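Just below is one structure, and these are the notes that go with it.
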Amino acid sequence: MRRYSSVSCHPVIYLVLFLISVFAFQTSDLQSKDCELPKRYTETITSKSGDKISFDMVLIPGGTFEMGSPRDEPGRKDDEGPRHKVHVAPFYLCTTETTLELFLAYYQETMSTKKEFFSAEQDKKEVEQSKGDVDAITGPTPVYGDLTMGYGKKHPAMGMTWHNAMIFCKWLSQKTGRKYRLPTEAEWEYACRAGTTNVFGFGKDPKQIVGFAWYEDNSDGETNEVAKKKPNIWGLYDMFGNVREWVYDFYSPEAYQNAANKSPAINPRGPTSGKVHVARGGDYSSSIEELRCAARAFEEEWWRSGDPQIPKSKWWLPEMDFIGFRMARFVEPQETHSGK
Amino acid sequence: MNASQNTTRRKFLKSTAALAGGALASKLTTGEVTYAGGSDIIRVGMIGCGGRNTGAAAQALTADPGTRLVAMCDIFMDRVKSKRRILKEQKKDQVTVDDDHCFAGFDGYKHVIESSDVVVIANAAKFHPLHSMTAIKAGKHVFVEKPHGIDPAGLKLLQQAAEMAKQKGLCLVSGLHSRYHTGYAETVQRIQDGAIGDVVAIEENFLRGPYGVIERKAGLTELQWQCSTQYHFRWLSGDDVPQSLVHNLDRSSWAMGNKAPAKCHGMGGRSSMTEPIYGDVFDHHSVVYEFANGVRIYAFCRTTNGCHNDSSSIVLGSKGKSSILGCRIWGETDWRWEGRCDPYQREHDVLFKAIRSGKPVNNGDYMVRSTMITVMGQISCYTGKEVTWDQINKSDFYYPPKPEDCRDDMEPPVKAGPDGSYPVPKPGFTNMI
């Protein structure tokens, strides 16, 4: 019941906020671009089965920050350095991790029941398709087992590969007419820090984390519904713990070394190639150290161990309930002019 | 230490492969048994070249550095060749299959068995008993995937194969991976030790989307078409109670102290998977099993889009309950297993360790029992009749043709009607046993 009451009141509130901010933009000074944009908006999609599903996007103001951790930060690892200046343009970020409800809507609409058979032929076809038009999104193959892993609609979606998360964003973009994507690693850390310079983005006392995060000490070994803890200063929930979040970048332990050569690095997108991608923020079983704003993690080989087949699924990390994502979106050039 | 190595997880899964491989490497020269004419190399052959057996072969090659993949077969040569290429990319030095040891067609398995010391079998479940028996007769070790057969006649043959393996000191390892999951094993042990009191009932769910379908390519004969999409044909796969619920019912039977139920009644049918491309299988089943002591298992499986999904094994006790897949107990004392385990890799780690040490492992007991429990339930769903454990064990029913009678040029046993759809069982009218 609580879920329904909260769903029914949110869109109204945010619609009002959205209209106010649009109105505010139209009468405001065009020079401070961040301020002209809606501070947040609610996106609502209708699933194939007719359900309305909403999520909130919040404007992350552009700015420059120190990415990575200082040498003396407790729990620091080498790949978090050197600390370097990064400039990030304004963008929108979802206030929550992508929910199962939304991910299931995508799965139902795009699932491909075609299975691998003559694999070489199939591979060729998929490559051609991915080059081709976006109208024909070929979504995930059926998951072996239960995609929800027993979790409810408002829990974060999980167990998808990075590729699957990317195709989800493509689907959502097509569905809404706005270009959704994964945040870059720099955007993610910038949003997590929310303008602060301390270890966790909320203050110096690590004990406060209990109020913000589901992690090893309070999660009971499972994910929890999104947005049940306090948001950070910029209104983002569960940036610490619950599920790890895929970001756009390939992982490299030397990524910061390279980024530090340009100061500041402007909207960096990580290494141009690599084998695995970065997943930020720690999960429900993480220690406090893994929840630090600067802590990095990436896909490891054992994440595939729930998949006994070869070739491994391009879409699923079966049984891996600790990996999810949240959507970001560029501020489109026309938005800063028209206040769309 | 890496970010996620020091964490604990709800369900899994730490590969012991590297560890086991290292330990075994040092034993290579001291093994009691030698292979392939006195060398320490163990020759592995693949019977079936689908995704799962390719995974199993990779796990075998990972488990023991002295293994070599030497022969492969499948109904289709394309699959043999493409999987050889993929495996070679991953295990370059251990994949030594030459063109002369790539076999296609129903009889390919005979040649693979001849060339190997160990065979890994994952193909249409109809053939699992015959291929296991043939390998064991020839003195070869066997890993075979679930389900371990689809009918009573096949499972009787597998029972004989398991006994023969014991006499000959050969390994027979089952792909019922729950038994190799250390978290499930500890949970079941606690149930058996009374952590939730007496078991009152068990709920088993495997509700999910359909098995993948493939387009029917031009040029395939009807027989090739059916073999290429074998999960959708009963005479090859045995349908979804054996295919999916075998894992669930294996856990139930295990939690009940490795016992079989006395009887069952089931129901099933087709609701949405009705097009010809879905063959002649049902898309939903429910089976109620009853043990001699009155305990019941309520078991459900479904392969349908857009419906509730669930994969669970819930054991209800007089003093609590347990989720075996969650590795959890809620009782007088709540408990949760914390750790990681890759049961698929463990199956092979155990198998090759047993081969090297000369102490054979034989899973015949539960592999036959658990599969027979599913066959009994499936047949009850088709016939609409109650089926007892005695009845199913006395039956000689098999889905024709017998596996040994399958020929590459034969007509398939089921054919589509004028509208392209295949006949399906009619509960209340269909007789099988």
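Throughout, read-outs are computed from the coordinates displayed, never taken from laboratory work. None of the values given here were measured: they were computed from a predicted structure. Cβ: placed from backbone, ideal geometry, glycine included. Neighbour counts: every protein chain shown.
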> Do the alpha carbons of any pairs in B:Lys81/B:Lys140; B:Lys394/B:Lys415; A:Lys207/A:Lys229; A:Lys154/A:Lys229 sit beyond 19 Å of each other, and which pairs?
Replying inline: B:Lys81/B:Lys140; B:Lys394/B:Lys415
> How big is the Rg/Rh ratio for the range B:284-433, C-alpha atoms only, Rh by Kirkwood, two decimals?
Replying inline: 1.03
> For chain B, what is the charge dipole size about the Cα centre, in debye to the nearest 20, if Lys and Arg each add +1 at the Cβ and Asp and Glu each add -1 at the Cβ?
Replying inline: 880
> Mind checking the mean number of beta-carbon atoms from other chains within 10 Å of the Cβ atoms in B:332-339?
Replying inline: 1
>> Multiplying the sequence separation of B:Ser323 and B:Asn293 by 0.36 nm and subtracting their Cα-Cα distance, what value in nm do you get?
In response: 8.6 nm
> Share of antiparallel DSSP beta bridges in the protein assembly as shown, in percent to the nearest 5?
Replying inline: 60
> Given only helices, namely DSSP H runs of n ≥ 4 each adding -39500 (n - 2.57), what is the per-residue ellipticity at 222 nm of chain B, to the nearest 500 deg cm²/dmol?
Replying inline: -10500 deg cm²/dmol
> What FRET efficiency comes out for the pair A:Glu300/B:Asn431, r = Cβ-Cβ distance, R0 = 51 Å, nearest 0.05?
Replying inline: 0.45
>> Students often check this: by mean Cβ neighbours within 10 Å, which of B:230-239, B:357-366 ranks highest, and how do the rest follow?
In response: B:230-239, B:357-366
>> Quick check: Cα centre of the range B:400-425 to Cα centre of the range B:284-309, how many Å?
In response: 28
> Reachable aspartates and glutamates from A:Lys314, Cα under 12 Å, same-chain residues fewer than 8 places away excluded?
Replying inline: A:Glu116, A:Asp123, A:Glu126
>> At 0.890 mPa s and 25 °C, plugging the Kirkwood radius over alpha-carbon pairs of the range B:271-311 into Stokes-Einstein gives what diffusion coefficient in µm²/s?
In response: 199
> Lys/Arg Cβ at +1, Asp/Glu Cβ at -1, dipole of the protein assembly as shown taken about the Cα centre: which of B:Pro210, A:Leu172, A:Leu93 is farthest positive-ward?
Replying inline: A:Leu93
> Can you flag which of A:Lys170/B:Lys83; A:Lys85/A:Lys179; B:Lys168/B:Lys353 are past 21 Å Cα-Cα?
Replying inline: A:Lys170/B:Lys83; A:Lys85/A:Lys179
> According to the square roots a ≥ b ≥ c of the eigenvalues of the Cα gyration tensor, what is the shape class of the protein assembly as shown, taking rounded for a/c under 1.5, prolate for a/b larger than b/c otherwise, and oblate for the remainder?
Replying inline: prolate
> Any idea which of B:Tyr366, B:Phe397, B:Trp337 is furthest toward the positive side of the dipole for the range B:325-433, if Lys and Arg beta-carbons carry +1 and Asp and Glu beta-carbons -1?
Replying inline: B:Trp337
>> Using the crude model of +1 on Lys and Arg Cβ and -1 on Asp and Glu Cβ, and no other charge, please compute the dipole size for the range B:91-200 relative to its Cα centre, in debye to 20.
In response: 220
> Taking the Cα centre of the protein assembly as shown as origin and charging only Cβ (+1 Lys, Arg; -1 Asp, Glu), how large is the dipole, in debye to the nearest 20?
Replying inline: 380
>> Please list, in order, the residues from the range B:197-213 whose amide nitrogen is less than 15 Å from a point placed 7 Å along the Cα→Cβ vector of A:Thr138.
In response: B:212-213
> Considering only B:Leu69, B:Cys406, B:Thr182, whose Cα is most displaced toward the positive end of the charge dipole of chain B, charges sitting on Cβ of Lys, Arg (+1) and Asp, Glu (-1)?
Replying inline: B:Thr182
>> Would you work out the Kirkwood radius for chain B? I mean one over the mean of 1/r across all pairs of different Cα atoms, in Å.
In response: 22.4
> If you take the beta carbon distance between A:Lys314 and A:Ser49 as r and set R0 to 25 Å, what does 1/(1 + (r/R0)^6) give as a FRET efficiency, to the nearest 0.05?
Replying inline: 0.45
> What is the packing order of peptides B:303-309, B:159-165, taking the mean over residues of other C-beta atoms within 10 Å and listing the highest first?
Replying inline: B:159-165, B:303-309
>> Over the Cα atoms of the range B:291-337, what radius of gyration and what Dmax do you get, in Å?
In response: 13.7, 39
> What shape does the range B:212-368 take by its C-alpha gyration tensor, where a ≥ b ≥ c are the square roots of the eigenvalues and a/c under 1.5 counts as rounded, a/b above b/c as prolate, and the rest as oblate?
Replying inline: oblate
>> Suppose R0 equals 25 Å. What FRET efficiency, 1/(1 + (r/R0)^6) with r the Cβ-Cβ distance, do B:Lys359 and B:Met164 give to the nearest 0.05?
In response: 0.90
>> Can you give me the distance in nm between label points at A:Glu66 and B:Trp335, each placed 7 Å from the Cα along the Cα-to-Cβ direction?
In response: 4.9
>> Need one number: nm distance between label points at B:Glu89 and A:Ile233, each 7 Å from Cα along Cα→Cβ, rounded to one decimal.
In response: 4.7
> Which of the lysines could a cross-linker bridge to B:Lys259, judged by Cα under 16 Å and excluding same-chain residues fewer than eight apart?
Replying inline: none
>> Compute the distance from the alpha-carbon center of the range A:137-161 to that of the range A:166-229, in whole Å.
In response: 19
> Under a point spin-label approximation (7 Å from Cα along Cα-to-Cβ), what is the B:Ala153-B:Glu275 distance to one decimal in nm?
Replying inline: 3.4
> Can you sort B:Cys171, B:Cys327 so the residue with the fewest Cβ neighbours within 10 Å comes first?
Replying inline: B:Cys171, B:Cys327
> According to the Kirkwood expression over distinct Cα-Cα pairs, how big is the hydrodynamic radius of the range A:188-243, in Å?
Replying inline: 11.5
> Zone of B:Lys402 (label point 7 Å along Cα→Cβ, backbone N under 19 Å): which residues in the range B:96-137?
Replying inline: B:106-110, B:125-137
> How would you classify the range A:246-309 from its alpha-carbon gyration tensor, with a ≥ b ≥ c the square roots of the eigenvalues: rounded for a/c under 1.5, else prolate if a/b is greater than b/c, otherwise oblate?
Replying inline: oblate
> Evaluated at 4 °C with a viscosity of 1.567 mPa s, what Stokes-Einstein diffusion coefficient in µm²/s does the range B:103-220 have when Rh comes from the Kirkwood expression over alpha-carbon pairs?
Replying inline: 76
